[in-house]
Structure formats: structure tokens, C-alpha cells
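The values are calculated or read from the model by the stated rules, or taken from the named source; none is laboratory data. Predicted model only: the values in this text are computed from it and were never measured. FYI the Cβ positions are ideal-geometry reconstructions off the backbone, even for glycines, and counts take in every protein chain you see.
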Amino acid sequence: MKSESNIPFDVLERFFPFNIRFGSDYRIVSLGPSIRKLLPELKLGINVNSLFVKERSKFLPIDLSLPNLDKKLYLLKSVEKDLTLRGQLTEMPDGSFFLAASPWVQSPDNLVSLELDFADFAVHDPILDLLNVIQSERMASGEIKALVNKLSQQKASLKEANHSLEEQNRTVLKTQQELEKQASEARKLAHVASRTDNAVVITNDRGETEWVNESFEKLTEFNLDEVKGIPPGRFLQGPDTDQETVTQMNESLKNHEGFNVEIVNYSKSGKKYWIQIEVQPIFDKKSTLTNFIAVETDITAQKLTEERLNAAKVKAELANAAMSEFLATVSHEIRTPMNGIIGMLEILMDTNLERDQRNYISMIRVSSESLVKIINDVLDLSKIQSDRFELEVKPFELRKLTDEVVLLMSFAATKKKLDFEILVHTELPNNWIGDGSRLRQILINLVGNAIKFTEEGSVEVRVGTTDESSEESPIVYFEVSDTGIGIPSERLNDIFKPFTQLERFGSHNQQGTGLGLSICSQLINMMHGKIEVESTYGQGTRFRVEVPFEIDTKKRPKPGSSIFDKKAITVIPDSMEREVIENHLKTKGMKCRSFENPKEGFDCLREAIQLKEEIKYFMLSENLLVHSEGSNIEEIFKQAREQNETFQVIVIARATSKAAKNQNYPFYYEILYRPLTYEASGGIHRAMGAPEIPDSQKSLSGGITKQSKPFDKSIIVLLVEDHPINIQQMTILLKRLGIIPDIARNGLEAVEAVKKKVYDVLLMDCQMPVMDGMEATREIRKLYSKGLLVKNPYIIAITAFALKGDREKCLEAGMNNYISKPVYKKDVIDTLKAALKNEKPGVSKSNLNSNQTNKYPLDAESAFKKLCSELSLEAALTLTQALIKMLPSKRQELEQFFETDAREAISRFGHSMKSICRMNGLQELAELTAELEYSAKDLKEQDLEVLIKVIQREIKCAEKDLTDLVQTHS
């Protein structure tokens with residue numbers, strides 16, 4: 001039976017390197033390369049049967065006269081060598097016979113003795129070998145059975161012989177069926193390459209197509225007849241095919257090297273698709289290149305997914321850039337008015353104030369600074385998410401930090417009548433190294449949430465070291481507990497996700513972005529710490545933060561007051577308050593006896609009087625003064641004073657206590673307000689007999705007193721600022737430093753001013769009308785370079801923008817130094833000193849250490865009262881009257897801008913009016929002018945006209961409200 005295969009003989013020969021091809025006369029016509037190596041005695045023209053004998057048979061090895069030659073499995077034993085070949089015989093189209101053989105190896109040792117290696121074998125499916133082995137075993141089994149039958153025929157009777165013949169016939173039939181099955185399986189395996197999902201291409205050594213499988217035809221829509229003899233790239237590549245990749249492929253083919261690339265191809269119909277193609281060269285025994293084989297995988301779906309992901313990434317990056325720009329703009333608008341507020345507070349701190357007034361202003365100052373810090377925190381969120389955020393590791397004082405948290409959060413707790421205390425363990429060191437600013441941010445967020453979601457009860461913070469902590473590796477814990485509504489157990493896993501706001505039952509406080517806990521969690525992870533939460537719905541919540549810090553061994557604790565020999569009695573019913581008081585006393589080294597029951601406390605004092613034991617301090621809660629024994633309290637204290645003239649009574653009162661503030665107690669010595677702080681209030685120092693802290697040191701700004709002289713010589717300063725409030729605040733600040741500045745209201749005026757007068761320093765606002773600070777600085781530097789100025793002034797940038805790149809932009813414009821709004825007195829002093837020395841710029845602390853919160857005045861009345869408290873009633877009336885006088889002209893100015901369609905001028909009008917209105921409590925007008933600033937350039941004419949008419953009507957209302965306000969207070 002002749003073969004119907006269309007596979008070329010040379011390709012077929014490479015698949016079966018041990019082949020023998022002979023004619024009908026049994027003479028050898030050709031030999032495979034591996035059979036020549038194995039049996040060198042084989043020569044062309046020799047009778048094949050002369051070299052082999054049939055294994056276990058006396059018959060000829062190959063008998064062409066037998067039927068079904070192609071279905072037989074031959075086992076041929078070499079006459080010359082201990083070698084057996086196995087194979088199948090196929091009649092070729094030219095009439096020759098092709099014996100596809102291979103050595104029948106019984107063990108690895110046989111393979112070694114034949115001196116064969118992998119190069120001598122064809123690469124094909126190992127299943128064919130397995131099938132050959134199985135068939136060989138079956139044939140051997142059949143021959144054994146036939147031999148047994150023959151022996152049985154010789155010994156058995158004629159009757160048994162007939163039976164054996166019938167049995168033999170059944171065996172032969174079964175064997176034929178098995179052979180037919182084997183042939184069918186072989187045909188299937190021969191088509192594996194044509195049926196794989198991957199496209200397969202075989203080319204010659206010149207890269208011209210010789211064979212393709214069915215998957216290739218489906219993918220490319222070309223059949224073999226259409227592409228045979230043509231290189232695949234010639235009919236598959238198109239406009240979007242990457243030419244660099246094509247060049248790389250051609251170079252590899254030229255060098256007879258394999259490669260694996262991804263490339264765009266085109267089908268016959270012009271459809272574009274992506275493939276991953278792996279090409280390997282095929283060499284013969286002599287290392288001559290014969291073919292290339294390519295396996296192609298369709299990766300179009302994968303590439304489309306990648307393109308969608310890249311598009312989404314680009315979109316997200318653009319959104320992040322827009323967000324950064326928006327945050328920078330919002331930051332500027334908030335920091336500008338905050339500059340005036342904080343500056344006025346700093347000036348006010350240098351005036352003669354009562355203790356309560358100083359405490360109130362300190363709290364306002366701390367809260368105002370927090371708003372600036374919160375702006376920076378919002379900007380930091382994007383840095384955290386993009387791994388660009390860096391912690392600032394430096395020394396910090398733990399108890400000072402907790403005091404700041406108390407100052408910030410006590411007002412909110414007191415307003416809701418909540419007990420709020422922070423207890424720092426007595427033995428915990430005070431000086432640490434780490435990012436104290438971020439730690440404060442974490443505590444403020446946790447305490448703020450606790451207060452927000454607690455309607456009654458208490459909020460407690462405990463600070464100490466964990467059980468796992470050691471002197472070498474201390475771990476500090478912070479526990480924030482509340483008696484609020486709690487968190488449902490099923491929501492505990494969600495609270496640290498960004499933009500998550502939990503709707504706690506009974507609470508209407510849903511303000512915020514939902515970022516707080518997410519930022520806290522990420523900051524704690526960056527500190528290599530952890531945060532845990534426990535909550536019982538309806539009872540309360542406890543957050544526990546554990547963070548490793550390094551003890552600052554360079555700073556030793558400050559020596560305390562000389563009160564180690566003093567004794568005290570405390571009567572505090574509340575357990576947490578009592579523990580806090582004891583902690584404060586122990587921190588000062590005092591010995592104290594504490595009582596929860598008032599009767600026991602007073603009995604202890606009576607007993608001490610009787611025993612003439614000297615008691616220095618008696619501390620009690622304010623509400624105990626109305627105890628049932630109240631009529632005898634004054635008598636008891638009188639006896640204690642008679643016995644000890646230094647006996648003192650310390651009353652612990654709430655911040656909202658009117659009796660305490662009005663000092664209605666005839667027997668009090670000192671009042672300490674809850675929640676207690678370690679340092680900021682100064683109460684413990686004064687109560688315990690420590691020296692009074694000078695006023696100049698009480699100011700949180702760390703500024704100088706009026707009598708200080710920070711500069712050795714006079715400085716001629718030009719203040720370049722367009723905002724009236726900022727001009728006034730900076731002028732007052734500079735005058736207190738002994739400097740009377742000249743004023744320029746925009747960059748152009750500054751340029752003209754330096755032409756007429758020599759200035760040592762220019763304090764230059766960056767964002768101004770007509771000419772901004774950057775451009776003005778460049779013009780001034782040009783004037784000096786041309787020799788038109790006698791002196792090159794030292795220029796200090798003052799800006800409300802908050803991004804780090806702004807400082808570099810200022811310096812690139814030619815400015816010498818940089819102060820970020822809000823402006824602090826210390827920053828002004830430091831930069832002016834640097835100007836005198838002509839030093840290079842440093843980073844102002846206003847950029848690093850601002851961390852508190854506040855809001856604009858809610859209405860005109862609140863703004864007026866704030867002006868009165870910061871300046872005076874007369875000054876507040878003067879400024880408000882000036883504003884009333886200015887508003888009509890502003891209405892006319894806006895009308896003129898609209899009539900001439902001056903959109904840029906309208907936008908600038910909105911910007912300037914917005915800040916003025918916010919500072920003066922005109923919030924509705926501020927919102928309208930803010931909308932005007934941002935949308936004036938884009939609104940349609942009719943929409944812009946409606947907005948302007950609304951603003952003009954609101955300006956009239958503002959005039960009336962402010963006029964009534966002035967008349968009320970005149």
C-alpha cells in the first residue's frame with residue numbers, strides 16, 4: 001500500500017534518522033544519517049536481508065510478498081553487531097520502500113554502548129515510542145503462543161490439532177485488530193502539529209514557508225498553497241508592525257539564532273492582531289541549517305487589556321496632577337487670611353494679658369496653626385499613596401506633644417460636657433526621636449473621632465510602653481478610649497479604607513472626607529508600628545497604637561521644683577482624673593495620699609492637723625465644695641493654715657466653670673482647669689511653688705519681648721504686599737522689631753521704589769496684581785546687573801502656596817530667601833538676620849512645624865469681636881467703616897468690568913473680594929466672589945450677568961449689616 005503523505009522525503013528523513021530505503025529488489029537506495037553512524041558496514045546497493053535476520057525466526061527478515069506490509073512491526077537483528085532495530089515499512093510514491101526504524105534499547109547501558117546521543121534521534125512525541133514498545137511486546141507474545149501451538153500439534157491428537165488451529169485463527173484475528181488500532185493512533189499523532197491551538201510554521205533555511213498547520217490558516221486566513229515558498233513576514237506584516245522588532249527578527253534569522261518577540265501582524269482580510277512568536281533554527285548532523293520552525297500565540301486580548309490599563313493609568317495621573325494643582329490653589333486661599341490671624345495673635349501675645357486671656361489666645365493660636373498643618377496633611381496624602389512621602393525623624397518632647405493635643409481637643413470635649421484626660425505614665429521618658437508631627441496628627445485624629453462620636457461620658461488617652469518594649473528597643477503605646485456609640489463588628493474591617501465614613505447610630509456628625517483613619521494607618525505602617533481597634537456597639541471604642549521610637553539620650557530631663565519633701569492630699573471622686581493628678585504629682589516627685597471618698601479625705605486632713613503633720617497641698621474637685629460637709633470646709637482649711645502658713649488649696653475645675661473663673665472662693669489658693677496639661681498651662685508649676693515663667697517665654701511663638709533688640713543695626717525694609725490686612729499686620733510686626741517699612745502694593749511699585757531709594761531688604765509677596773513678585777524680582781536683578789542700582793537688595797519671598805517646588809521657583813527667580821504664610825515673628829527675625837549676614841536661604845519653621853486648626857469668622861458680628869480682641873474697639877470701628885466706604889465703589893467697579901467684558905479683571909476682582917469678605921465674616925458674599933473668581937472666564941454672558949447682579953445685591957446687604965454693626969458698638 002503506497003503512502004498518501006504529502007510530507008517531502010527530506011523532511012520525513014529528518015523525523016526518522018535511522019531510516020533505510022530500498023527497492024523492490026531489496027537493494028539499499030538510501031540510508032538515514034543515524035543508521036550510517038550505528039552500522040557503518042551498510043552500503044548502498046547491498047541486499048538488506050543479507051545484513052539482518054528476523055528475531056526468533058528462520059524466515060527472511062523482510063518479505064515484500066506478504067500482505068499488509070505497512071501494518072507489521074519489524075524486529076531486525078544485525079548479523080554483524082549486537083543490535084536490534086524495530087520499525088514499520090511504508091511504500092513510497094516512487095515504488096521504493098521506507099523502513100522507519102530505531103534502535104530497540106533494553107536499558108540505559110545499551111544506549112551508552114551504542115555511543116548514541118540526543119543529536120542522533122529525531123524530536124517527536126514520546127507516545128510513538130511507547131506504542132512501538134507495546135506493539136513489539138504483543139508481537140513477541142503472539143510468536144510465543146504460535147510456537148506453543150505448534151508443539152501442542154506435534155504431541156496432541158488430530159482432534160486437538162483442529163482445536164488449536166481454530167484458536168490460532170482467533171489469535172491472528174485479534175492481532176490484526178490491534179494492528180489496525182495502532183495504525184489509527186499513529187495517524188492521529190502524525191496530525192498533532194496540525195491540530196494544536198498555536199499556529200505552527202516550518203520554513204526552509206532561507207525563511208520561505210514550507211508547511212503550516214490548520215491553526216495558522218485560521219489565524220491568518222491564508223492556506224498553504226497561497227503562502228508556500230514565501231517568507232511569512234512578507235504577507236503578514238503591515239502599517240503598525242514595529243520595524244525595530246522586524247529588524248531584530250531579520251538579524252536573528254541572518255545569524256541562525258532563535259528569538260522570542262511580540263509583534264503586530266495582519267490577516268488576509270486586513271484584521272490587525274498581536275502575536276507572541278518563538279522561532280528556533282533546525283540543524284542537521286553536520287550543524288548545517290536546514291529549517292526554521294515558528295510557534296505563534298495569539299495575544300491580542302492580552303494586549304487590549306494592557307492598552308486599557310495604560311489608558312486608565314494615564315487618566316489617573318492626569319487626575320492626580322489636577323488634584324495637586326487644585327490643592328495648591330486651595331492651600332493658597334486658606335493660608336493668606338490665616339497669615340493675618342496668626343500674625344495678629346502673635347502681636348497680641350506680646351501685650352499685657354491676664355492669665356486666662358493668655359490661655360485663650362494660646363488655644364486660638366494653636367488651633368489656627370493647625371489649619372495650616374492640615375492643609376499640608378492633605379497634600380501629603382497623595383505623596384503617601386505614591387510612595388513619595390518621607391517621615392521627618394528628629395527629637396521631640398512627648399509631654400509637650402500631648403499638651404498640644406489637649407489644647408486642641410479640650411474645647412470640643414468641654415462643649416459636649418465630656419471628661420477628657422491624657423495620662424502619660426510617670427516613668428516614661430519625655431525626650432524621644434521620631435516624627436512627632438505625624439504622631440500628633442494621629443492622636444488628634446483618633447481623639448477627634450472619639451469626641452465626635454461620644455455624646456456623654458468620657459474620652460481617655462493613656463500613654464506608656466508595651467510589655468514587649470525594652471531599653472534597647474522601646475515601643476510606646478497610645479490608647480484612645482471612649483464611651484461613645486461604638487462600631488458594629490461587621491464594619492471594623494472597613495474603617496481604615498480611604499473615604500470610609502461610618503454612620504454611627506444616634507450621631508449626626510458626618511463631616512470630613514473619610515480619609516483620617518486611612519492616613520493614620522498608613523503613617524503608622526511607615527513608622528513600623530501597628531494600630532488595633534476594639535469596639536462594643538452601644539458601649540464604646542478603644543484604639544491602640546504601638547510605635548517604636550528611639551529615646552533621645554542627648555537630652556536629660558529638666559530638674560523639677562524643690563518640692564520633694566512636700567506632702568499632699570487629693571480628694572478626686574473620678575478615677576481617671578484622680579490617676580492623672582497623682583501622675584502629675586509623682587512627676588514632680590511629691591508624696592500624696594489620694595481618696596475617692598470626700599469624707600475620708602477630709603478626715604485625713606483633720607488627723608494630720610491633730611498630729612501636727614505638715615500638709616502642703618490639699619487638692620479637690622470643684623464639685624466637692626458643695627458636699628454635705630461644706631459648712632465645715634472653711635473651718636478645716638483655716639485650722640490647716642494656722643498650723644502651716646504655707647498650706648495651699650488647689651481646686652480642680654472644669655474650663656466652663658463660671659465660679660472658678662470669677663474666683664468666688666474665699667479659701668482658694670490656685671485653680672487648675674481640666675483637662676490638665678504638663679507644661680502649657682503653667683498651673684502645676686505655680687501651684688507647686690515653682691518659679692513663675694516669664695511672659696516672654698509663655699508665648700507659643702517663642703518670640704521676643706518688646707524690650708528685645710534682635711538686630712545690631714538698623715534695616716531699611718520695603719514691604720511689597722497688596723492685601724490691606726496683611727500690610728497692617730506686617731507693619732505692626734516690623735514696628736515691634738524697631739523697623740518702619742515703606743509700602744509697595746504690587747511688583748511694579750516695588751521696581752520703581754528701588755530706583756528711588758536704597759533698601760537693605762525687600763519682603764516680597766509672590767501673588768499680586770499688575771506685576772507679581774517673581775517678575776518684580778527678575779526686573780530688580782536686571783537693574784542691578786546693568787548698574788542702575790547702587791545696592792543689590794536682599795529679597796525675601798512671602799507666599800501662601802504650600803508645595804515644595806514653590807520655594808525653588810522663588811530662588812530661581814532671584815530671591816534670596818523664603819517665608820511661607822502664615823508669617824511668624826521668629827521667621828521674620830531669622831530671615832532678617834540672615835539678610836544682614838547675606839546668608840543663603842534656610843527652611844523656615846513655618847513650613848515644618850505648623851499643626852493646628854481654626855475657621856473663618858462665621859458672621860460679621862464674630863469678625864468684629866475678633867478685631868476688637870486682637871486690636872481694639874476703636875481700630876475695629878475704623879477698619880469696618882473703611883470697608884463700608886469701600887463697598888459702593890466695588891459695586892461700580894464690577895459693573896464697569898462687565899460692561900467692557902474684562903473677564904480677567906472680573907476674575908481678579910473675585911479673588912481680592914473673596915479674602916476681604918472671609919476675614920470680615922461676610923461668608924455668603926465670599927462664596928459668591930469665589931465662584932466669580934474661578935468661573936468668570938468660562939461663563940456665558942447671560943450667566944455671568946446673573947451672577948454679578950446677585951453679588952451686587954449681596955454687597956448692598958453687607959453694607960447695611962456692617963452699618964448696623966458700627967452703630968450698635970459706637
Of the conditions (1) surrounded by fewer than 18 Cβ atoms within 10 Å (Cβ to Cβ); (2) in a loop (DSSP other than H, G, I, E, B); (3) touching a helix residue (DSSP H, G or I) at 6+ places or on another chain (Cβ under 7 Å); (4) modelled with pLDDT of 80 or more, the single one that T705 does not satisfy is (4)
Taking the conditions exactly as written (surrounded by fewer than 19 Cβ atoms within 10 Å (Cβ to Cβ) and in contact (Cβ under 8 Å) with a residue 12 or more places away in the chain), does M764 satisfy them or not? no
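A quick yes/no check of all residues on (1) modelled with pLDDT of 90 or more; (2) among the aliphatic types (A, V, I, L, M); (3) part of a helix (DSSP H, G or I):
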| residue | (1), (2), (3) |
| --- | --- |
| Y759 | yes, no, no |
| M771 | yes, yes, no |
| M774 | yes, yes, yes |
| T777 | yes, no, yes |
| D806 | no, no, yes |
For I743, state whether it is within 22 Å of L879 (Cβ to Cβ), surrounded by fewer than 19 Cβ atoms within 10 Å (Cβ to Cβ) and modelled with pLDDT of 90 or more. yes
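Which one of V447, V405, V461 is crowded, with 18+ Cβ neighbours inside 10 Å, outside any helix (DSSP H, G or I) and within 30 Å of the chain's Cα centre (by Cα)?
Going through V447, V405, V461 in turn, just one is crowded, with 18+ Cβ neighbours inside 10 Å, outside any helix (DSSP H, G or I) and within 30 Å of the chain's Cα centre (by Cα): V461.
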Only one residue in I277, I293 is touching a residue at least 40 places away in the same chain (Cβ under 8 Å) and not assigned by TED's automatic domain parsing to the domain that holds P33. Which one? I293
Identify, from the list E579, E607, the residue that is under 25 Å from V459 (Cα atoms) and among the charged types (D, E, K, R). E579
Subset of segment 413-444 (residues that are among the polar types (S, T, N, Q), outside any loop (DSSP other than H, G, I, E, B) and touching a strand residue (DSSP E or B) at 6+ places or on another chain (Cβ under 9 Å)): T414, N431, S437
Of the residues S65, S34, only one is touching a Pro at 6+ places or on another chain (Cβ under 7 Å) and either at pLDDT below 75 or not in a strand (DSSP E or B) (or both); which? S34
